[in-house]
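A quick write-up on the structure given underneath.
The values are calculated or read from the model by the stated rules, or taken from the named source; none is laboratory data. Predicted model, so just to flag it, every value in this text is computed and none were measured. In this analysis, Cβ positions are derived from the backbone assuming ideal geometry, glycine residues included, and neighbour counts consider all displayed protein chains.
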Amino acid sequence: MSHIISILIENESGALSRVSGLFSARGYNIESLTVAATQDPTLSRMTLVTSGSDEIIEQITKQLNKLIDVVKLIDISEFTHIERELMMVKTRATNGGREEIKRLAEIFRGNILDVTPTTYIIEITGEKSKLDAFLHTVGEENIIEVVRSGTTGILRGERGLSV
Amino acid sequence: MELSGGEILVQCLIDEGVEYIFGYPGGAVLHIYDALFKQDKVKHILVRHEQGATHAADGYARSSGKPGVVLVTSGPGATNAVTGIATAHMDSIPMVILSGQVPMAVIGSDAFQEADIVGITRPCVKHNFLVKDVTKLAATIKQAFYLATTGRPGPVLVDVPKNLTDPRVKVPYEYPSSVSLRSYNPHVKGHRWQIKKAVDLLLAAKRPMFYTGGGIVLGEASAELTELTRLLGYPITNTLMGLGAYPGTDKQFVGMLGMHGTYEANMAMHECDVLFAAGARFDDRITGIIAEFCPYAKVIHIDVDPSSISKNVRVDIPIVGEVKLVLAEMLELIKASDKQPDAEALAEWWKQIDTWRGLDSLGFDRNADVIKPQYVVEQLWEMTHGDAYVTSDVGQHQMWAAQFYKFDKPRRWINSGGLGTMGFGLPAAIGTKLAFPDADVFCITGEASIQMCIQELATARQYRTGIKIVNLNNGYMGMVRQWQEFSYGSRYSQTYLETLPDFVKLAESYGHVGIRIDKRSDVRAALEEAYRQKDRTVFLDFHTDPTENVYPMIEAGKAHHDMRLAPGVNIDTELA
């Protein structure tokens with residue numbers, strides 16, 4: 001099962017490589033990793049999607065906590081949470097397919113960001129499974145390029161991750 | 001006070017109370033060396049290779065409990081130090097490494113002697129820093145010492161670009177009196193409820209076993225452990241890293257456990273019903289095959305590092321905390337408890353353990369003409385009354401030292417347990433001797449290991465550190481040869497050292513005393529001769545039985561009760 005681990009980490013150079021280095025050194029999976037500064041510029045928030053047995057996830061969270069730069073972390077997939085990923089897809093948009101792809105984008109609540117006589121760029125936000133479904137529906141033969149941000153997430157309600 | 005960056009570094013060391021700094025100069029640290037030259041409070045020990053600097057600082061740290069301090073230049077100076085940093089990291093040894101870096105303006109340009117040492121050492125340090133602002137130098141050094149010495153200790157590297165140490169740029173200096181890091185809170189008391197549960201389980205045990213490691217030594221918890229073990233009357237084994245934390249000559253001590261542990265220690269691990277692990281990390285050399293590890297036991301585990309708990313072996317009662325505090329709390333609870341250990345079950349358990357002991361699994365031929373390596377260590381132990389500091393390298397000699405030198409005190413046994421670094425012993429002995437100039441320091445080594453840092457004989461001469469080298473010379477990389485004998489049909493691939501130097505002449509060429517010993521009857525006299533020469537470094541080259549193996553042995557994939565014993569030792573007949 002995938003776990004979404006949210007990390008508050010000191011916004012220092014090298015902090016990202018400490019995290020990614022830990023994963024490669026200990027042979028853990030990273031499915032996706034996103035990072036950006038928070039409202040407090042001294043802190044970065046990282047969202048890491050990984051998978052493994054309960055024992056491995058326990059080790060991952062312990063090893064992450066052991067990094068000196070890590071201030072706090074939480075496995076948000078253990079609580080009610082919201083997760084989102086942003087995707088931009090460049091599709092072929094010619095002749096008959098042009099209307100069909102526009103319609104699909106609307107169904108998936110996507111925005112068309114760029115139009116040329118032969119292509120669209122469509123922006124879609126949602127859970128990973130929704131993004132996967134859109135790509136499946138559009139069909140591989142119509143896709144020129146896909147860019148995905150990786151999953152980020154936040155806890156519902158009062159509870160949160162802050163110092 | 002206004003100081004340059006180079007002066008700040010040196011002043012920080014003075015303010016930190018640093019006695020010795022082990023290092024080797026070079027371009028990127030010239031300003032720092034100039035600042036060192038102008039003072040006499042911190043003594044610089046010039047090694048002959050940066051690996052030697054880290055191992056010497058490590059030996060100093062392991063023996064004294066104070067952090068070891070290293071200074072190396074950029075590029076090759078720093079990369080040469082990596083093996084010693086990784087060695088300290090695996091054994092959680094407090095160390096601060098200052099490395100020079102090329103000036104900030106040329107970082108990333110593949111400048112002369114540039115290496116990304118912060119990147120290179122990231123997986124083998126507790127933490128590291130690249131300092132980019134001279135005004136942050138003092139605070140960073142303070143943090144480095146704080147991180148290195150608190151919680152689970154470890155090496156911390158501070159990389160200092162050359163321009164930051166420019167003598168023309170002076171900034172106000174103040175050494176911080178304390179450190180506070182929002183992301184690091186190392187001082188932990190164990191959870192009271194967990195401790196209580198552990199005490200209840202311990203007191204209810206029928207076949208209890210204490211298994212303790214290097215964490216007891218690092219956590220200065222030897223007195224508490226000894227009191228607790230004696231109060232309960234339970235058997236105790238120590239890991240390779242934990243030897244000396246409980247008196248090795250005590251009757252409750254069943255010897256070291258693990259791959260080359262005693263028969264009684266490993267059997268007691270296998271059969272126990274409650275395993276009390278403290279400051280130990282269930283390393284693969286200890287557990288044997290995990291699936292068959294302590295099959296009947298409930299496990300209690302105390303460790304200051306939460307990531308050590310349930311890493312390799314699932315634990316029933318985990319206690320995260322400083323082992324000294326936790327053990328003290330357990331003692332308090334047990335003394336106040338109206339429950340007592342089950343005397344009848346315990347007597348039965350000891351009877352079983354004593355039967356296993358009767359096998360004498362460390363037995364060897366004491367009457368052989370050829371020198372048995374075990375005999376040399378045993379004689380050394382007798383002669384020094386078990387009171388010397390003993391460093392070692394890695395291999396057969398290390399195991400014999402661990403088996404036959406019975407350490408009664410912590411911090412006397414100094415070896416590379418985790419990384420298993422050949423070349424560690426000689427520089428570590430120098431560091432130990434500097435920490436304790438009046439103590440007897442022996443380096444038990446082999447002809448292969450000693451050559452990996454042999455150049456440090458010059459350092460021993462320069463600083464007149466009168467260490468004694470006990471070279472168990474069997475002409476082979478003995479431990480590898482042993483594995484090749486057992487598992488590779490005696491195909492001794494690349495383990496025979498055909499061109500060994502004359503170690504006596506070699507020692508003499510460095511200004512030391514060298515003695516070659518070929519006969520068993522000369523062993524004791526040679527040791528005593530070395531012992532008498534207090535102020536000299538003496539190199540004792542013992543030519544030992546090349547066919548001798550380390551027994552018992554748990555081979556790869558086997559469990560504790562499945563040991564290979566010395567030829568001729570038959571469990572069925574001897575224990576009948």
Tell me, please, whether a residue that is within 14 Å of another protein chain (Cβ to nearest Cβ) and touching a residue at least 12 places away in the same chain (Cβ under 8 Å) can be found in region A:97-114. no
Qualifying residue in region B:141-154 (condition: assigned to a loop (DSSP other than H, G, I, E, B), within 23 Å of B:G17 (Cβ to Cβ) and either away from chain A (no Cβ under 14 Å) or without any contact (Cβ under 8 Å) to a residue 60 or more places away in the chain (or both)): yes
Scanning region B:330-347 residue by residue, the ones that are in contact (Cβ under 8 Å) with a residue 40 or more places away in the chain and not hydroxyl-bearing (S, T, Y) total 11
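Determine, yes or no, whether B:Y296 is closer than 25 Å to B:I571 by Cα, of a type outside the set (A, V, I, L, M) and in contact (Cβ under 8 Å) with a residue 24 or more places away in the chain. Give the steps one after another, and end with the answer.
Values: closer than 25 Å to B:I571 by Cα: yes; of a type outside the set (A, V, I, L, M): yes; in contact (Cβ under 8 Å) with a residue 24 or more places away in the chain: yes.
When the stated conditions are applied, B:Y296 passes them.
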Just name the residue that is modelled with the lowest pLDDT out of those in region B:277-322 that are among the hydroxyl-bearing types (S, T, Y) and under 18 Å from A:Q63 (Cα atoms). B:S310
Filtered residues of region B:118-135 (kept if away from chain A (no Cβ under 12 Å) and not in a loop (DSSP other than H, G, I, E, B)): B:V134, B:T135
Tell me the strands (runs of 3 or more DSSP E) entirely within region B:155-238 that contain at least 3 residues that are surrounded by fewer than 21 Cβ atoms within 10 Å (Cβ to Cβ) and in contact with a helix residue (DSSP H, G or I) (Cβ under 9 Å, 6 or more places away or on another chain). B:170-172
Which condition number in (1) closer than 28 Å to A:E123 by Cα; (2) within 14 Å of chain B (Cβ to nearest Cβ) is the one that A:E83 fails? (2)
Check region B:250-267 and report whether any residue there is of a type in the set (D, E) and more than 22 Å from B:G358 (Cα to Cα). no
Within region B:164-218, the residues that are among the aromatic types (F, W, Y) and more than 14 Å from chain A (Cβ to nearest Cβ) are B:Y173, B:Y175, B:W193, B:F210, B:Y211
Among what's in region A:1-15 and is more than 17 Å from B:V125 (Cβ to Cβ) and more than 9 Å from chain B (Cβ to nearest Cβ), pick the residue that is surrounded by the fewest Cβ atoms within 10 Å (Cβ to Cβ). A:M1
All but one of (1) closer than 27 Å to A:S53 by Cβ; (2) away from chain A (no Cβ under 14 Å); (3) out of contact with any Asp or Glu (no Cβ under 6 Å at 6 or more places or on another chain) hold for B:M256; which doesn't? (1)
For region B:251-263, what are the residues that are assigned to a loop (DSSP other than H, G, I, E, B) and in contact with a Phe, Trp or Tyr (Cβ under 8 Å, 6 or more places away or on another chain)? B:Q252, B:L257, B:H260
Which one is farthest from the other protein chains (Cβ to nearest Cβ) among residues in region A:27-80 that are among the acidic types (D, E) and exposed (fewer than 14 other Cβ atoms within 10 Å of the Cβ)? A:E78
From the options B:M422, B:M383, B:M479, residue that is over 19 Å from the mean Cα position of the chain (by Cα), surrounded by fewer than 24 Cβ atoms within 10 Å (Cβ to Cβ) and within 26 Å of B:T262 (Cβ to Cβ): B:M383
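Listed here are the residues, each with its yes/no results for (1) surrounded by 14 or more Cβ atoms within 10 Å (Cβ to Cβ); (2) in contact (Cβ under 8 Å) with a residue 60 or more places away in the chain.
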position: B:G489; (1), (2): no, no
position: B:Q494; (1), (2): no, no
position: B:D502; (1), (2): no, no
position: B:L506; (1), (2): yes, no
position: B:V513; (1), (2): yes, no
position: B:R524; (1), (2): yes, yes
position: B:A559; (1), (2): yes, yes
position: B:L565; (1), (2): yes, yes
